[in-house]
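Colleague: This is the structure, below, for whatever I ask next.
What follows is calculated from the coordinates using simple rules that are stated; it is not laboratory data. Predicted model only: the values in this text are computed from it and were never measured. Cβ atoms come from the backbone with ideal geometry, glycine included; neighbour counts cover every protein chain shown.
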Amino acid sequence: MAKRQYPERVIPRHSLKTRITHDIVAVTCLWLMVSGAFVFVPALAAAFPAATQFFRMSHRVMGTIFIVAPILSAITSPRGFKEFLGKYFVKWTPQDWEFLKKFVPYMLGAKRVHMPDQDEVKSGQRFADGLLILSSILIAVSGVVLWLGTSVFHASAGVLLAMRTCHDVAFILLIVFGLAHIYLGAGIFQPYRGTSRLMWGDGKVTEADALYHWGFWARKQIEKGNYEEVKK
Amino acid sequence: MSELAIYFDSSLCTACRGCQASCKVWNELPSPIDFDAGKDTFAGTYQNPPDLNKDTRLIITFKERERENAYGIDWGFGRRACMHCTDAACVEVCPSGCLHHDTDGTGFVVYDVDKCIGCQYCRSACPFDVPRHRGVGVQGAGIKIDKCTACIDRVRHDRKPACVGACQPGALDFGDRDEMIAKAHERVDALKAKGFEDARVYGETEMGGLHVINVLKYDVSMYEPLPDKPAKSPLVDVLSKVAKPLGAVAAVGVVGGLALTYALAHGYHRDKLYYDEKNHDVIDTDTGEVVKHIDKEAGER
Amino acid sequence: MIKGYWFFGQNPLQSLGNSKYLRNVIANLDWLVFDDMYMTETASFWDAPDMRDKASEINTECYFLPIASLFEKNGTVINSGRVMQWRYQAIEPRGDSKWDLEAIWLVHQRLRQLYEEEGGALPDPILNAKWDYAGDDGKPDMRKVAWELNGYSTYGATEDFENGTPKLLDGYSKLKADGSTASGVWIYTGYYGNPDAPFDPAQQNVGRRLRDDPDGLNIFPKWAFSWPANRRILYNRASCDMDGKPWREGLAPVEWDGEKWVTNDVPDFVASKTDSDGNTVAVEPNNKAFFMNWEQNARLFASTLNDMPLPEHYEPFESPTENLLNGAGSNPAMLFNSYDSNKKGTSGTYPIVATTYSFTEHWSSGAETHNAPVLNEMMPTQYCELPTELAQEKGIENGDDVRIFNDRGSIVVKAMVTKRITPLTVNGSKQYTIGIVHDWGWANVYTHGDITNDLVPGVGDPNSFIAENKAFLVDIEKA
């Protein structure tokens, strides 16, 4: 008997605006972390003082874009922003807690550990993205105080030291959660292969991947007819 | 070279500001030239400019108070400039190694201005609020530190710092640090014998030992903003001793951990799935098996 | 009848008392010449804030001659310790600026020419003035002027000056009253007295730079020249007692060692004499220490002062109180106190005593030092110091603008309220004093201020003519 051919379907997941906003923030964030490293890592600053000057200047430019882009996005799409918040601030289901508990075993044994179905944004995602966003806000606010407080006005030494400490703490958090986010979101981790198109491509996810990662959401979208058939 | 120090005796100082002027002249630091510069901010004191700034490395501070004594008044003259600490917080926080202790071992804190990246961390770390910067602006490039260097360029040629050379009443001196400390103690003893009971040697042990030894004639409050017990902010240690190693550990840890998961997931494969929305069946497209059935009546989704 | 006035590097309309009156009065002259490096308050008197609106009505012809600074010419500098030092020209004068001497030279030559062409009253002193100090370039040579001032033998002097072989004298004792010698300034004789090197100041006393300090007395007798006769400390006999023993061991410039005087300074008394056989013998210690007096002794009274013979307490021209010691009140020999222009005030109207002084970082009228931005930075504005009690009474705070005024003038300066000036009790009443710095004026390019001497009375000390800048009456209010 010939194998039945099932139609290949994709579900749209991220709007153009979402992707553009994410991509701008991601690129500037990476630039900010590299340029920031030239001050955070003394050996780099000592070895390349001229490059450090350039990176410091670019840090401010990129920082401005990093802060302004998402704010501009939210202002120009208030509905979209509300929806975004609605996806992240949800009541946690039993599957959400199960997912979190199983996450580390899963990472160390993806072939064996099976994760429960998830809603539109996995609980682990909400946690990790939430930390990314909170760290970004912390690093942005402390960064602006450090920048303006040593140029336009003069902040006190105590304030500047405290802001630097916050900036350093946020940087460390961003290293940890940022690297993890890229590892998973860009589909470097084998079980996550194929997800990079979500933010860097057409914003659509295959039905198979959607059912694997966001089961509840995937089935709901298909029932509602929010899918496209991929013509061969 | 042995450790050296600048010595300042506030009891001999006449506040002529010859030191302030000669510092500017030797280091080619400009003064404002716009018409009547400083007139509108004049605060009714001889302390001008009111504080250190990007073009002023040294000022004499003035403070007066009434007192019941032969003169009816105390008038304190202080020498405000870099204290050249042994445990210099500015050196610790400087990311580029611009600020450093003189390699000849004099103990003075000097800087290689080409390496200054203009981050201004030194200013927030200094317990005496000394480092200043020129070129400060929003765009961030070309900001450079400016502070007293103990005229290391003169010292290296066996000359005294410019300020010391200008002092007519001999309030300023320069030489071996231990000798300057001994001289200071002798002078403080003499001042105490004259009735200046709050006279103090400032700089012997503060911040690990300063390379500017002050003889204070009065208590430290007469030399504002000189702190009574200068100390590094504990955040300086957090920033220089904790944050960076923690960042390194975090970076290495996360990369290592993720690499482990990658290794362990080698050969991962999963079959594709398909959802039959009519029958509510999740189907493995390779085997054709129903791997999950959603029981809508039971509330599953 | 004075027609004009020539100022040389002076700023008297800033530094003399009653300066407001003076700058108005000087506008009556036909002409004025100002020799200066800077446009001072004197040189720009018509531009004073209280005169510039009426400047077109002033008929005085004003000439400003730019003058070379001390680094742009050769000559001597002298200090209040009587030490004279030769200084060398380092650079050429800027633009068209000239030495003072050159300016006078050119005017003198032109005057001579006019007298020769047109004649005039009393031409002899002009036409016959000895004026043979030109160098090879036709400009004045300060070294030849130095020969004239030092003193020389007049026999063949005209040829000597022409040929550069003046018979210079090495001390004032060589000067004679019979016309065989001439000297411009007898107290200088010896400063440029080496006839073997008339063109080399380095080989003259005034050009010496030796740091020898015999006995560590800080006298440095071979550093330049001190008039007269290189005597560094006048009346140095008085450093020892009647027996010639120093009052302070190791600190006397002269000392009797039992047989002769040991001198680390040129003795200002008769230390040796020639006996009948022509030998030089030491004069044993005696009581003759002041040889400018005919009897060479000290005196209890002064015989050369206009308000002699004994010191007395006098109140200033304007005083808030009566003189308890002397019924005359202020000095009866005081000059100009009868002039109406001095507008004498009383403490009823002007109850506050003002004194004036310099700000350390400025020199005199500030015309030169205000051009150094570093000095302006140290004190950005003219100020007066006043007691906290007075400030409280008048509602004046530190840094406020205040007006200080009397019938002679009115100035606005910044207030420096301080505990360092306390109210005095004079004859049982509370008396406020304020101190006003004077080194500001309207003419500088970086800063400006008012002329403090507008307030000062233009009276004069009977001997020195100095005005009473140190005590006069004013009132003060917040401006």
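Colleague: Once amide H atoms are built 1.01 Å from N in the peptide plane, which residues 5 or more positions from B:K63, or in another chain, come under 5 Å H to H?
Modeller: Amide H neighbours of B:K63, under 5 Å, 5+ apart: B:G76.
Colleague: Continuing with the same structure: Give me the percent of DSSP beta bridges within the protein assembly as shown that run antiparallel, rounded to the nearest 5. Intermediate results must be reported in sequence, preceding the final value.
Modeller: On the way: 73 of 100 bridges.
That works out to approximately 75 percent antiparallel.
Colleague: Starting at the first residue of the range A:146-160, write each ³J(HN,Hα) from the Karplus equation 6.51 cos²θ - 1.76 cosθ + 1.60 with θ = phi - 60°, in whole Hz, x for Gly and Pro.
Modeller: Those phi angles translate into 5, 6, 6, x, 10, 9, 5, 9, 10, 6, 5, 4, x, 4, 5 Hz.
Colleague: Turning to a different aspect of this structure: Could you pull out every residue, at least 5 positions away or on a different chain, whose amide H is within less than 5 Å of the one on C:D439? Hs are placed 1.01 Å off N in the peptide plane, and Pro or chain starts have none.
Modeller: C:F359
Colleague: Would you list which lysines come within 28 Å of C:K414, measuring only between C-alpha atoms, while excluding same-chain residues fewer than 8 positions from it?
Modeller: B:K24, B:K39, B:K54, B:K63, C:K20, C:K54, C:K343, C:K344, C:K394, C:K430, C:K470, C:K478
Colleague: Please give me the summed charge of the neighbours of B:R67: other residues whose Cβ is under 10 Å from its Cβ, Lys and Arg +1, Asp and Glu -1.
Modeller: Here the count lands on -2.
Colleague: Specify which residue in the list C:V459, C:N205, C:A354 is farthest towards the positive end of the charge dipole of the protein assembly as shown, using unit charges on the beta carbon of Lys, Arg (+1) and Asp, Glu (-1), about the Cα centre.
Modeller: Result: C:A354.
Colleague: A further question on this structure: Taking a 27 Å limit on the Cα-Cα distance, which of the listed pairs B:K115/B:K241; C:K139/C:K174; B:K229/C:K419 fall beyond it?
Modeller: C:K139/C:K174; B:K229/C:K419
Colleague: Right, here's the next one. According to the Cα gyration tensor, what semi-axes, each the square root of 5 times an eigenvalue, does the equivalent ellipsoid of the range B:1-80 have, listed from largest to smallest in whole Å?
Modeller: With the √(5λ) rule applied to the range B:1-80, the semi-axes are 25, 22, 9 Å.
Colleague: Near the amide H of B:L273, under 5 Å away, which other amide H atoms are found, from residues 5 or more places off or on another chain, if H is placed in the peptide plane?
Modeller: Excluding prolines and chain starts, which carry no amide H, the hits are A:A208, B:T285.
Colleague: So if the hydrodynamic radius of the range C:369-478 is defined as the Kirkwood radius over C-alpha pairs, what does Stokes-Einstein give as its diffusion coefficient at 4 °C and 1.567 mPa s, in µm² per second?
Modeller: Once the numbers are plugged in, D ends up at 85 µm²/s.
Colleague: Which chymotrypsin sites (Phe, Trp or Tyr not before Pro) in the range B:24-93 sit in a loop by DSSP (not H, G, I, E or B) and have at most 16 other Cβ atoms within 10 Å of their own Cβ?
Modeller: Listed in order of number, the matching sites are B:F35, B:Y71.
Colleague: Can you sort A:S135, C:S319 so the residue with the fewest Cβ neighbours within 10 Å comes first?
Modeller: C:S319, A:S135
Colleague: In which sequence would C:S69, C:S464, A:S142 go, from the one with the fewest C-beta neighbours within 10 Å to the one with the most?
Modeller: C:S464, C:S69, A:S142
Colleague: Output ³J(HN,Hα) for the range B:190-198: one whole-Hz value per residue in order, computed from phi by the Karplus curve 6.51 cos²θ - 1.76 cosθ + 1.60 with θ = phi - 60°, and x for Gly and Pro.
Modeller: Karplus values, whole Hz, x for Gly and Pro: 5, 5, 5, 4, 7, x, 8, 5, 8.
Colleague: Net charge within 13 Å of C:A271 by Cβ-Cβ distance, Lys/Arg positive one each and Asp/Glu negative one each, not counting C:A271 itself?
Modeller: -1
Colleague: Summarise the long-distance tail of P(r) for the range B:4-232 by giving the % of C-alpha pairs beyond 32 Å.
Modeller: 18 percent
Colleague: Let me ask something else about it. Of B:N214, A:L161, C:W31, which is farthest towards the positive pole of the protein assembly as shown's charge dipole, taken about the Cα centre with +1 and -1 on the beta-carbons of Lys, Arg and Asp, Glu respectively?
Modeller: Of the options given, the answer is A:L161.
Colleague: Excluding same-chain residues fewer than 8 positions from B:K296, which aspartates and glutamates have a Cα within less than 13 Å of its Cα?
Modeller: Candidates past the 8-residue exclusion: A:E223, B:E277, B:D281.
Colleague: Work out the P(r) tail for chain C: percent of alpha carbon pairs separated by more than 37 Å, whole number.
Modeller: For chain C, the share of Cα pairs beyond 37 Å comes to 47 percent.
Colleague: Which value results when the Cα radius of gyration for the range A:107-232 is divided by 2.2 N^0.38 Å?
Modeller: Computed over Cα atoms of the range A:107-232, the ratio equals 1.45.
Colleague: Report the calculated FRET efficiency for C:V281 and C:V185 (r = Cβ-Cβ distance, R0 = 30 Å), to the nearest 0.05.
Modeller: Plugging the Cβ-Cβ distance into 1/(1 + (r/R0)^6) gives 0.40.
Colleague: I need the Debye-formula profile for the range B:187-250: one equal scatterer per C-alpha, no solvent, reported as log10 I(q)/I(0) at q = 0.16, 0.19, 0.27 1/Å, two decimals.
Modeller: Debye curve over Cα of the range B:187-250, log10 I(q)/I(0) at q = 0.16, 0.19, 0.27 Å⁻¹: -0.64, -0.77, -1.12.
Colleague: Which value, in debye to the nearest 20, describes the size of the charge dipole of the range A:46-189 about its Cα centre when Lys and Arg Cβ atoms bear +1, Asp and Glu Cβ atoms bear -1, and nothing else is charged?
Modeller: Its charge dipole is roughly 80 debye.
Colleague: Same structure again: Excluding C:S97 itself, calculate the net charge of residues whose Cβ lies under 15 Å from the Cβ of C:S97, where each Lys or Arg counts +1 and each Asp or Glu counts -1.
Modeller: Spelling it out: positives minus negatives among the neighbours equals -4.
Colleague: A further question follows. Please list, by residue number, every one of the GluC sites (Glu not before Pro) in the range C:188-271 that is coil in DSSP and has at most 10 other beta-carbon atoms within 10 Å.
Modeller: When the GluC sites (Glu not before Pro) of the range C:188-271 are filtered for loop state and at most 10 Cβ neighbours within 10 Å, C:E249, C:E259 remain.
Colleague: Also: Each residue of the range C:327-342 in order: what ³J(HN,Hα) in whole Hz does its phi give by Karplus 6.51 cos²θ - 1.76 cosθ + 1.60, θ = phi - 60°, with x for Gly and Pro?
Modeller: The phi angles translate into x, 6, x, 9, 4, x, 8, 4, 8, 6, 6, 8, 6, 4, 4, 6 Hz.
Colleague: I would also like to ask the following. Over chain A, one equal point on each Cα, no solvent: what is log10 I(q)/I(0) by the Debye formula at q = 0.10, 0.14 Å⁻¹?
Modeller: -0.58, -1.01
Colleague: Evaluate the range B:145-301: find the radius of gyration of its Cα atoms, find its Kirkwood radius, and give the ratio Rg to Rh.
Modeller: 1.56
Colleague: Using only Cα positions of the protein assembly as shown, each an equal point scatterer, no hydration layer, compute I(q)/I(0) via Debye at q = 0.07, 0.08, 0.10 Å⁻¹ and quote the log10 values to two decimals.
Modeller: So the normalised log intensities work out to -0.86, -1.03, -1.37.
Colleague: Kirkwood hydrodynamic radius, the range C:396-453, all distinct C-alpha pairs: what's the number in Å? Walk me through the intermediate numbers first.
Modeller: Values: mean 1/r = 0.0750 Å⁻¹.
Computed over Cα pairs of the range C:396-453, the Kirkwood hydrodynamic radius comes out at 13.3 Å.
Colleague: If the viscosity is 0.890 mPa s and the temperature 25 °C, what translational diffusion coefficient in µm²/s does Stokes-Einstein give for the range C:265-342 when Rh comes from Kirkwood over Cα pairs? Write down the numbers at each step before the final one.
Modeller: Details: Rh = 17.0 Å.
So the translational diffusion coefficient is about 144 µm²/s.
Colleague: Which one, A:I172, A:G80, A:A51, is farthest towards the positive end of the dipole of the range A:10-229 when Lys and Arg carry +1 and Asp and Glu -1 on their Cβ?
Modeller: My answer, from the dipole projection, is A:I172.
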